[in-house]
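Have a look at the structure below before the remarks.
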Amino acid sequence: MAFSSCIKKSVEGVVLSDATTFEKKMSAPNVQLIDVRTPEEFVEGHLPKAVNIDVTSDDFETKVTSLDKEQPVMVYCKMGGRSAKAAEKLKELGFKNITDLDGGFSNWSNENKPIEK
């Protein structure tokens with residue numbers, strides 16, 4: 001299992017979505033869009049209406065408890081590794097509808113999707 005950190009594993013109950021599908025889902029009502037990168041990465045550019053909750057910070061679990069577990073949660077990071085961890089953690093905390101952006105912000109940018117700064 002030494003190489004497992006490099007491989008993005010799917011978590012049951014988490015939908016892995018390409019950028020186009022992710023973008024469509026973002027416009028649904030009550031979607032909670034979470035950028036799990038660092039604040040420094042977030043200010044350099046992020047998806048429109050995203051909220052920054054850094055998955056590597058000590059208070060990640062505390063901050064996500066303010067989210068509604070019954071409403072859809074969409075997560076992304078730079079490449080997909082940290083968002084997979086965040087999605088797994090959200091699932092453990094009882095969130096029911098989780099979507100993870102496949103390829104993360106890098107893939108989103110490469111497809112020329114809208115970005116806010």
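The values are calculated or read from the model by the stated rules, or taken from the named source; none is laboratory data. Predicted model only: the values in this text are computed from it and were never measured. Here Cβ is always computed from backbone atoms with ideal geometry, including for glycine, and neighbour counts include all displayed protein chains.
In the range 50-57, is there at least one residue being touching a Ser or Thr at 6+ places or on another chain (Cβ under 8 Å), under 15 Å from Trp108 (Cα atoms) and surrounded by 12 or more Cβ atoms within 10 Å (Cβ to Cβ)?
no
Of everything in the range 82-117, what is more than 17 Å from Ala19 (Cβ to Cβ), of a type outside the set (Lys, Arg) and surrounded by fewer than 20 Cβ atoms within 10 Å (Cβ to Cβ)? Give them in sequence order.
Hits for the range 82-117 are Glu88, Glu92, Leu93, Gly94, Asn97.
In the range 1-35, which residue that is part of a helix (DSSP H, G or I) and modelled with pLDDT of 90 or more is surrounded by the most Cβ atoms within 10 Å (Cβ to Cβ)?
Phe22
What residue, among those in the range 59-81 that are assigned to a helix (DSSP H, G or I) and out of contact with any Ser or Thr (no Cβ under 9 Å at 6 or more places or on another chain), is surrounded by the fewest Cβ atoms within 10 Å (Cβ to Cβ)?
Thr62
For the range 82-117, what are the residues that are outside any loop (DSSP other than H, G, I, E, B), among the acidic types (Asp, Glu) and touching a residue at least 24 places away in the same chain (Cβ under 8 Å)?
Glu88, Asp100, Glu116 - these are the residues of the range 82-117 that are outside any loop (DSSP other than H, G, I, E, B), among the acidic types (Asp, Glu) and touching a residue at least 24 places away in the same chain (Cβ under 8 Å).
Checking Lys85 against (1) farther than 16 Å from Asn30 by Cβ; (2) in contact with a helix residue (DSSP H, G or I) (Cβ under 6 Å, 6 or more places away or on another chain): exactly one of these is not met. Which one?
(2)
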